[in-house]
């Protein structure tokens, strides 16, 4: 990785005529914009299918794609949708994602496309290559629909515990529905591959995100319960989270089941190897979420009301990464090493050879030794103005106390009016080898455009923009900073 920069934007935030960003013409236009801004990277959240709460960090499968990102325009260009069918699509908001109505509207459209779809050699090859996860995921989705969306651990026992005869009956009686789920995954992978190739051809690489944990209600836990800390009734014994921190006084109780690391070790961490191999088929680099959990993780009793009273338990450490390196070679990974970080966590990251993260919003507590201040950073780091879990930088600044704003103004030599210009200049000029800026910060947007507020259950993951809202002067400023501070992407 050379000195460079990129923009953070999840694809759901892209403009489109279908109520949610997708992999169609607008995504290609976005790549063109990144190229014109001399950027080298497009970073995003996980690309998996989302469940309750719409969080990309609680995916229904760690191998599948989010089919809400399928572009109806692309389906139309393949002859699977007509002009009339596109025209009948309901009018949905352009400034945010109304997930409930998007899911309903897109499902109707996808089923119309599926009715015209004829199996091809390409489809058959996809199903064969992806068999190791696709069959289980397709059956899981069909059964989830049959149980009116209920999580798998509340299904009828024969389905919950995967009786072979019950699964065979689904494959036999629901053959069309299983094929439909495979069709959706085929279309996602086909469209995503084309979009990624378009970006790569313009010198832009994709940085994806790999959550450390899997959602309890996922095809992964349903198909391989032995890999997780579940009891005989498929209920979690302990769950994941983090202790009290910057984001929450009571910690974050994520609720994900913890891994049975001993079982994973027995077969050489094959599930993790498959998972990372699949992710690297979709992206060029990975941000490995909650990296510290591989050294030691916060384990909380499954019945606890908050994450306050957990305990640190040793993780797999270097053994896991040695196994992955042996199978896959060099790992293009950025370690998300935020939160409670110890010397042991730092030592593990250095031993693996991964860059860590610096978040500029965390730098201004008045302590000259603050590790997030650029002059305390090294080139072996990736600097973010903020992440998907932070407020926008303008919103963060607006919500500081007057005393804290004064600290920021003194450091930047700025006023309230030119805070964002100086803040971005500081980020691009930092020693970190890579600088990533959320698109909201490029546009100087306030808290109304925040993507996620940890610990809250509604109103998250919905933000979108339109191209009419893109301020050319602010885009030019970021392009200028990219060139001035040696981060220019030279291709094209």
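The values are calculated or read from the model by the stated rules, or taken from the named source; none is laboratory data. Everything quoted here is computed from the prediction, not taken from an experiment. Positions of Cβ are backbone-derived with ideal geometry, glycine not excepted, and every protein chain shown enters the neighbour counts.
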Qualifying residues in the range 328-346 (those that are touching a residue at least 12 places away in the same chain (Cβ under 8 Å), part of a helix (DSSP H, G or I) and more than 22 Å from residue 205 (Cα to Cα)) - the one farthest from the chain's Cα centre (by Cα) = 344
Pick from the range 448-459, criterion touching a strand residue (DSSP E or B) at 6+ places or on another chain (Cβ under 8 Å) and surrounded by 17 or more Cβ atoms within 10 Å (Cβ to Cβ), ranking: farthest from residue 255 (Cα to Cα) | 449
Scanning for something modelled with pLDDT under 95, within 24 Å of the chain's Cα centre (by Cα), in a loop (DSSP other than H, G, I, E, B) and crowded, with 17+ Cβ neighbours inside 10 Å, does the range 59-77 turn up at least one residue?
-> no
When (1) within 23 Å of residue 462 (Cβ to Cβ); (2) in contact (Cβ under 8 Å) with a residue 24 or more places away in the chain; (3) in a loop (DSSP other than H, G, I, E, B) are applied to residue 48, the one that fails is (2)
Restricting the search to the range 147-160, which residues are free of Cβ contacts under 8 Å to residues at least 12 places away in the same chain and in a helix (DSSP H, G or I)?
-> 154, 157, 158
Listed residues 213, 246; which is buried (at least 20 other Cβ atoms within 10 Å of the Cβ) and either in contact with a helix residue (DSSP H, G or I) (Cβ under 8 Å, 6 or more places away or on another chain) or at pLDDT 95 or above (or both)?
-> 213
Before we move on, is residue 226 within 30 Å of residue 157 (Cβ to Cβ) and outside any loop (DSSP other than H, G, I, E, B)?
-> yes
Based on what the data block shows, is residue 313 at pLDDT 95 or above, in a strand (DSSP E or B) and crowded, with 22+ Cβ neighbours inside 10 Å?
-> no
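Condition first: touching a strand residue (DSSP E or B) at 6+ places or on another chain (Cβ under 9 Å) and either assigned to a loop (DSSP other than H, G, I, E, B) or farther than 25 Å from residue 374 by Cβ (or both). Now tell me which residues in the range 460-485 satisfy that.
Of the range 460-485, the ones touching a strand residue (DSSP E or B) at 6+ places or on another chain (Cβ under 9 Å) are 461-464, 478, 481-482, 485.
Scanning the range 460-485 gives 461, 462, 463, 464, 485.
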Can you name the residue in the range 253-273 that is more than 21 Å from residue 237 (Cα to Cα) and assigned to a loop (DSSP other than H, G, I, E, B) and is also nearest to the chain's Cα centre (by Cα) among such residues?
-> 269
Out of the range 287-309, which residues are outside any loop (DSSP other than H, G, I, E, B) and either in contact with a helix residue (DSSP H, G or I) (Cβ under 8 Å, 6 or more places away or on another chain) or surrounded by 21 or more Cβ atoms within 10 Å (Cβ to Cβ) (or both)?
-> 287, 288, 291, 292, 293, 294, 296, 297, 298, 300
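Just checking, how many residues over the range 348-369 are surrounded by fewer than 14 Cβ atoms within 10 Å (Cβ to Cβ) and more than 26 Å from the chain's Cα centre (by Cα)?
Adding up the residues that qualify gives 5.
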Restrict the check to the range 120-139 and report whether at least one residue is surrounded by fewer than 18 Cβ atoms within 10 Å (Cβ to Cβ), over 25 Å from residue 78 (Cβ atoms) and out of contact with any strand residue (DSSP E or B) (no Cβ under 7 Å at 6 or more places or on another chain).
-> yes
Within the range 222-243, considering residues that are without any contact (Cβ under 8 Å) to a residue 60 or more places away in the chain and more than 21 Å from residue 167 (Cβ to Cβ), the one surrounded by the most Cβ atoms within 10 Å (Cβ to Cβ) | 229
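Let me confirm something: among 44, 1, which residue is in contact with a strand residue (DSSP E or B) (Cβ under 7 Å, 6 or more places away or on another chain), within 18 Å of residue 193 (Cβ to Cβ) and surrounded by fewer than 23 Cβ atoms within 10 Å (Cβ to Cβ)?
Only one candidate passes the filter, namely 44.
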Name the residues in the range 75-98 that are in contact (Cβ under 8 Å) with a residue 12 or more places away in the chain and farther than 15 Å from residue 15 by Cα, would you?
-> 75, 79, 80, 81, 85, 86, 89, 90
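Each row is one residue, and each column tells you yes or no for (1) surrounded by 15 or more Cβ atoms within 10 Å (Cβ to Cβ); (2) over 23 Å from the mean Cα position of the chain (by Cα); (3) more than 19 Å from residue 246 (Cβ to Cβ); (4) free of Cβ contacts under 8 Å to residues at least 24 places away in the same chain.
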site	(1), (2), (3), (4)
382	yes, no, no, no
387	yes, no, no, no
403	no, yes, no, yes
408	yes, yes, no, no
412	yes, yes, yes, yes
425	yes, yes, yes, no
430	yes, yes, yes, no
439	yes, no, yes, no
446	yes, no, yes, no
Restricting attention to the range 318-327, report how many residues are more than 26 Å from residue 44 (Cα to Cα) and touching a residue at least 24 places away in the same chain (Cβ under 8 Å).
-> 3
